[in-house]
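Bear in mind these aren't lab numbers, they're just calculated from the coordinates by the rules spelled out. Bear in mind that the values here come from a model prediction, so they are computed numbers and not experimental data. Counting neighbours? That spans all protein chains shown, and the Cβs are built from the backbone with ideal geometry, glycine included.
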Amino acid sequence: MKFRTKMVICMIWLLALAYGIGGSLLISSSFHASVEQEKASARQSCQMLLNTLSILEDQSSVASTLQQLDSSGSAEWSGLLVRSGNAVLFRSGSSPLLDTVAADPNTLTVRDRQILITCLLSGGITELEVRMVSDISDAYARRDSQLAIYRWTFLAVTVLGAALSWLLCTWLTYPLRSLTKASRELAGGKRSTRVRVTSQDEVGQLAAEFNQMADRLEASMDEMTRTMERQDEFMGSFAHELKTPMTSIIGYADLLRSTELSEQDRREAANYVFSEGKRLESLSLKLLDLLVLEKDDLPMQECSPKALIESIAKEFRPIMKQQGITLRCSCKQGSWKLEPDLFKSLLYNLMDNARKAMETGGQIVIQSDFTEEGLRIRVADNGRGMPPEALTRLTEAFYRVDKSRSRAQGGAGLGLALCRRITDLHNGELQFSSREGVGTCVTILLKGGTQP
């Protein structure tokens with residue numbers, strides 16, 4: 001059963017209950033008031049009759065007087081019995097109440113839509129018993145008429161109330177039907193579905209919450225779609241990265257296996273196999289690092305960023321000297337919560353990228369200082385630089401600005417992806433700025449550590 005139908009049934013039931021109880025109480029109260037009024041009138045009529053009888057001198061005058069009153073049509077009784085002892089002095093009407101068992105004097109009985117009043121008269125004449133019956137069928141007739149009108153009114157009010165309840169419930173439940181339709185469309189894949197918020201009540205709040213949920217769901221689905229696209233691109237790039245060294249390894253291995261070569265050619269082929277194997281090893285280790293960093297919550301310890309930077313710079317200086325590159329460090333003293341091995345890997349990749357950005361000659365500058373925001377490290381070079389459109393994709397796995405040069409230098413395009421993940425684990429961010437022909441500056445900004 002629909003909620004709208006339930007609401008209509010409940011409203012009709014409440015309306016019928018309220019109107020039924022109210023109407024019944026009103027008719028009952030009116031009828032009770034009418035009966036009480038008839039009782040008072042009957043008592044008054046009986047008292048007037050007693051006053052009339054009390055001035056009569058003998059029983060014969062009682063009978064004649066009552067006969068005259070009864071025949072004149074002015075009598076207010078429908079039945080009257082007057083007797084002295086067992087002798088009936090006057091009787092009028094055929095009401096069975098007149099012959100009921102004698103009740104206590106001055107009593108009033110209501111039965112069969114009639115009122116019976118029994119009184120005793122003592123005084124100048126013999127003691128008389130007076131029984132007066134007053135017809136109150138008019139009061140019952142008015143009640144029956146009211147009940148008949150009430151039944152038709154009750155039916156009309158119920159039908160009208162049902163129609164109005166249906167219209168009202170249809171209007172009230174319209175937002176719920178809109179929500180149901182929107183939920184069905186959303187479940188069917190129409191992610192742009194929203195409902196119109198028309199009120200500030202609970203239903204309006206529900207509609208607003210639904211829209212917020214739909215917004216979050218659409219954003220999550222868009223992000224999931226982008227993630228799937230990145231995964232597909234990652235797998236394609238990974239397969240491509242494996243294809244080139246594997247082709248070289250298989251080709252040179254087959255050459256060594258099937259052909260007699262000179263010592264020089266054999267060494268050259270073995271060198272190709274070795275260099276491509278080392279490239280595969282580097283690729284697999286970096287992929288493994290990325291997988292580990294996605295899962296582990298690594299413990300941090302107090303370290304000196306200056307000492308770590310200078311230790312990496314010491315390792316790089318001989319290589320850079322061969323290329324004619326000058327490496328300069330400018331670091332402030334202080335400590336920060338770091339994971340030393342990961343932080344060294346971060347610096348190594350950034351410095352290696354800066355080295356690869358220059359053919360021969362040039363300068364790399366590494367700076368570290370402490371600001372209000374946290375620890376800031378800059379790695380700047382005056383190499384070839386990058387175009388602006390490349391800056392937004394630098395941390396994607398396997399992305400290269402210059403694919404041919406990076407592959408020739410042994411790069412797999414995973415270094416900056418690894419750097420970004422390491423920075424995230426240190427509650428920081430990577431920022432890139434570059435101009436072609438001028439150079440590149442990479443800024444590491446870490447938050448939440450210990451100030452010097």
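From the backbone phi of the stretch 184-197, what are the Karplus-calculated ³J(HN,Hα) couplings (6.51 cos²θ - 1.76 cosθ + 1.60, θ = phi - 60°) in whole Hz, Gly and Pro given as x?
5, 5, 5, 5, x, x, 7, 6, 7, 5, 9, 10, 8, 8
In the stretch 1-39, which residues have a backbone nitrogen under 16 Å from the label point lying 7 Å from D112's Cα in the Cα-to-Cβ direction?
The answer is none, because no backbone nitrogen lies closer than 16 Å to the label point.
Can you sort F343, F316 so the residue with the fewest Cβ neighbours within 10 Å comes first?
Least to most surrounded, the residues fall as F316, F343.
Could you tell me the calculated FRET efficiency between E310 and K278, based on Cβ-Cβ distance and R0 = 22 angstrom, to the nearest 0.05?
The computed FRET efficiency comes out at 0.20.
With a point put 7 Å past each Cα toward its Cβ, work out how far E359 is from S258 in nm, to one decimal.
Going by the 7 Å Cα→Cβ label model, 3.9 nm.
Hey, with R₀ at 25 Å, roughly what FRET efficiency would R194 and L168 work out to, going by the Cβ-Cβ distance, to 0.05?
0.45
List M132, M224, M246 from most exposed to least, where exposure is judged by having the fewest other Cβ atoms within 10 Å.
Starting with the residue having the fewest Cβ neighbours, the order is M224, M246, M132.
Among the listed pairs K306/K447; K344/K447; K314/K447; K6/K190; K356/K447, which are separated by more than 24 Å between their Cα atoms?
Correct reply: K314/K447; K6/K190; K356/K447.
Rounded to whole Å and sorted largest first, list the principal axis extents of the Cα atoms in the stretch 3-161.
Between the extreme Cα coordinates on each principal axis of the stretch 3-161 lie 82, 30, 23 Å.
Amide H to amide H, which residues 5 or more places from G439 or on other chains are under 5 Å from it, using H placed in the peptide plane?
G385, M386
List every residue whose amide H lies under 5 Å from the amide H of T326, counting only residues 5 or more places away in sequence or on a different chain, with H placed 1.01 Å from N in the peptide plane.
Amide H neighbours of T326, under 5 Å, 5+ apart: G362, Q363, I364.
Given a Förster radius of 41 Å and the C-beta distance between I319 and A219 as r, what FRET efficiency does 1/(1 + (r/R0)^6) yield to the nearest 0.05?
That gives a FRET efficiency of 0.35.
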